[in-house]
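Any read-out appearing in this document is the output of simple, stated calculations on the displayed coordinates, not a laboratory observation. Not measured: the values here are computed from a predicted model. Methodologically, a virtual Cβ is constructed for each residue, glycine included, from the backbone with ideal geometry; neighbour enumeration extends over all protein chains shown.
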Amino acid sequence: MSVTADETTKAGREDIVFEARGLVKRYGHVTALDGCDFELRAGEVLAIIGDNGAGKSTLIKALSGAVTPDLGGFLLDGHPVRFHSPADARAHGIETVYQDLAVAPALDIASNMFLGREIRRRGPLGSVLRMLDKPAMKRQAAQQMSELKIGLRSMTNPVEELSGGQRQGVAVARAAAFARKLVIMDEPTAALGVRESGQVLDLIRRIRDRGLPVILISHNMPQVFEVSDRIHIQRLGRRVALITPKEHTMAEAVAIMTGAMPGRAEKEPVATADDGAGTITAAPASGVSTVGVPVASAMPTRQVRKSTRSLTDTIGKS
Amino acid sequence: MTTTVVEPDTVRRANTRAVLRQVLGISTLGPLAALFLAGIFFSIKSDRFLTGTNLSLVVQQVMVVGTLAIGQTLVILTAGIDLSNGAIMALGNIMMTSLAVESGLNPYLAIALGLLACAGFGLLNGGLVTSLRLPPFIVTLGTLNIAFALTHIYSDEQTVSGLPSELTYFGKTFSIGQTDVTYGSVLMLLLFALIWYVLSQTAAGRHVYAVGDNPEAARRTGIQTRRLLLTVYAAAGLIYGIAALLLVSRTGVGDPNAGQTDNLDSITAVVLGGTSLFGGRGNVVGTLIGALIVGVIRNGLQLIGTKSIYQVLITGILVIAAVSVDQIVRRRNQ
Ligand SMILES: Nc1ncnc2c1ncn2[C@@H]1O[C@H](COP(=O)(O)OP(=O)(O)O)[C@@H](O)[C@H]1O
Ligand SMILES: [Mg+2]
């Protein structure tokens with residue numbers, strides 16, 4: 001079900017699920033987002049990469065409602081939306097998975113899955129006595145786990161008895177269960193070992209294959225190239241390129257990310273006339289490179305060497 | 001992460017364990033065993049121990065501290081601690097009696113005002129903890145002193161006697177067979193049942209655990225953690241007010257010096273009951289058992305004619321044991 005590079009570039013606007021234009025967010029003198037664009041299409045895993053300070057976290061916070069941008073707007077399924085809190089974004093069907101295993105360890109799996117969204121009994125037991133429908137929550141949790149092939153048997157086990165990967169599995173399953181539009185994952189494998197990371201990547205693919213697009217923030221280049229359909233490269237508060245792992249190498253991605261190789265888009269703003277930009281705040285859109293990147297010879301030699309080093313650094317870290 | 005075929009036997013065992021865990025909380029098994037051991041020991045040593053009258057007496061003796069410990073459990077589950085509950089209870093105690101006797105207020109109104117004052121103090125604790133983000137230990141140390149001072153200023157160091165019968169209603173008894181049981185004991189047990197229900201069967205209860213366990217995770221799931229904490233502290237305050245009424249019923253006087261060590265005794269009951277001081281795990285059934293352990297040991301030692309100071313010694317050892325078990329369990333799970 002994965003969207004091929006070809007489809008991506010040729011796809012029309014209909015399958016854009018979530019879009020942002022010209023996001024600006026300033027913190028005092030620091031401009032964290034500087035006219036940043038964003039686009040997520042149906043059925044894709046979109047990775048967001050960028051150097052430290054590029055504005056990834058701020059972008060994600062804006063997308064998940066934790067931060068309100070100073071300028072710029074969002075379209076969700078083509079409709080303008082505005083989030084004032086994470087609860088707002090959640091109400092619109094956007095769920096976020098955080099890197100630091102945001103579960104309550106002493107509570108059981110079912111309670112964690114339904115935390116804050118508990119199901120009550122039908123009838124007066126539920127409406128008057130506020131009694132939880134534990135069997136229903138257990139049943140639905142188990143169903144969700146088996147659909148995502150997370151091998152957890154007893155929904156009444158406390159989460160602390162699980163491995164790190166399984167705990168993240170619970171958090172991901174929760175997001176997948178409640179997200180209606182898309183799932184955002186902020187470094188979901190950062191706290192995990194190699195094998196467990198692989199399990200979470202499998203999970204990301206399964207969620208996509210069930211029809212939910214996924215936004216994945218990661219520092220881990222091999223993981224990004226393994227799992228994503230497209231890659232949003234963030235630099236100095238903007239999206240400087242939107243590439244596919246099929247048409248670009250890791251080295252190129254890192255070069256664009258570090259500025260050693262300019263994303264074509266930086267020089268050639270994409271025309272905005274035909275893309276319905278009138279419905280959202282018009283902004284000088286920094287464009288998108290889906291075709292390719294300029295030849296390396298355009299770069300000063302010293303910068304090339306620097307970028308090569310940071311490439312090995314980045315890959316070595318993972 | 002693959003789907004695993006599970007044998008029915010494993011499922012059944014897991015279910016049995018799940019049921020046990022649901023009813024008691026696994027942390028309650030140790031305290032329950034300790035209570036039984038103490039009970040068996042004293043039954044062998046004294047044939048007066050295992051009688052209805054004596055057991056009813058034990059419950060009556062733990063009635064006040066047990067009720068305070070219910071509120072204490074709520075606070076500790078949120079990873080807090082409440083040092084002020086004994087002092088808040090003393091203030092409620094002196095307000096109820098003094099308003100009814102000295103000011104001549106309708107006794108029910110006096111009780112209501114006393115309960116309100118206690119709930120108000122709980123709300124103050126909660127407000128300071130949530131809005132200023134002060135550690136509960138420090139906040140309640142402060143309100144302990146404030147409530148203590150107010151109690152003594154208001155009472156002018158005088159005890160209040162000659163109470164109207166409405167104030168001592170919960171000291172009255174009814175009979176089950178040969179055994180006299182006070183209404184106060186029943187009220188305490190009902191309160192335990194109510195809070196057990198809220199904590200284990202409602203969403204609000206889940207949220208109390210979640211806030212104590214991982215406040216950030218709770219906040220991210222959309223739980224209003226501040227409002228929840230405020231509610232918990234205010235509810236605890238109201239429960240201390242009920243403890244004040246039970247204290248009045250039992251002693252028949254308003255005493256400004258009442259309950260001075262009851263804050264620590266209530267923490268002891270909570271800890272002996274297997275609730276973690278780190279928050280997020282434990283339950284009120286354990287707290288009831290914890291309170292009963294202290295009560296049984298004190299009562300049993302009296303029956304076999306040992307000095308009551310040994311009860312304090314044994315309680316101290318048990319507290320250390322309980323906290324050690326909690327620490328070991330937590331470390332193993334990390
Ligand atoms: N809350 C904040 N207050 C002040 N400056 C911030 C804040 N959040 C981010 N910034 C600044 O905005 C820039 C982008 O940060 P961030 O979005 O965290 O980038 P990234 O996640 O890509 O490392 C950085 O220079 C950072 O220092
Ligand atoms: Mg960041």
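Summary of computed values
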{"read-out": "Chain B: relative contact order in percent, alpha carbon pairs under 8 Å with at least 6 residues between", "value": "32"}
{"read-out": "Calculated diffusion of the range B:10-333, Stokes-Einstein form, Kirkwood radius summed over Cα pairs, 10 °C and 1.306 mPa s, µm²/s", "value": "79"}
{"read-out": "Around B:Gly184: net Lys/Arg minus Asp/Glu count, Cβ-Cβ under 9 Å", "value": "+2"}
{"read-out": "Neighbour net charge for B:Leu247 - beta-carbon separation under 10 angstrom, K R +1, D E -1", "value": "-1"}
{"read-out": "Chain B: most fluctuating residue of B:Ile94, B:Ile289, B:Ile44 per GNM, C-alpha cutoff 10 Å", "value": "B:Ile44"}
{"read-out": "Long pairs among B:Lys45/B:Lys307; A:Lys56/A:Lys149; A:Lys25/A:Lys246; A:Lys61/A:Lys181, criterion Cα-Cα beyond 22 Å", "value": "A:Lys56/A:Lys149; A:Lys25/A:Lys246"}
{"read-out": "Peptide-level mean, for B:211-217, of C-beta atoms on other protein chains within 10 Å", "value": "6"}
{"read-out": "Most to least packed among A:126-135, B:61-70 [average Cβ atoms within 10 Å]", "value": "B:61-70, A:126-135"}
{"read-out": "For the protein assembly as shown, alpha-carbon Rg over 2.2 N^0.38 Å", "value": "1.20"}
{"read-out": "Excluding exposed DSSP-loop trypsin sites (Lys or Arg not before Pro) (at most 11 other C-beta within 10 Å), longest clean stretch of chain B", "value": "B:134-306"}
{"read-out": "Kirkwood-based shape ratio for the range A:99-178, expressed as Rg/Rh from alpha carbons", "value": "0.99"}
{"read-out": "DSSP-defined beta bridges in the protein assembly as shown - what % are antiparallel, rounded to 5", "value": "65"}
{"read-out": "Partner chain coverage, peptide A:151-162 - average Cβ within 10 angstrom", "value": "5"}
{"read-out": "Table column - 3J(HN,Hα) (Hz), the range B:232-242, Karplus curve with 6.51, -1.76, 1.60, x for Gly and Pro", "value": "4, 5, 5, 4, 4, x, 4, 5, 5, x, 5"}
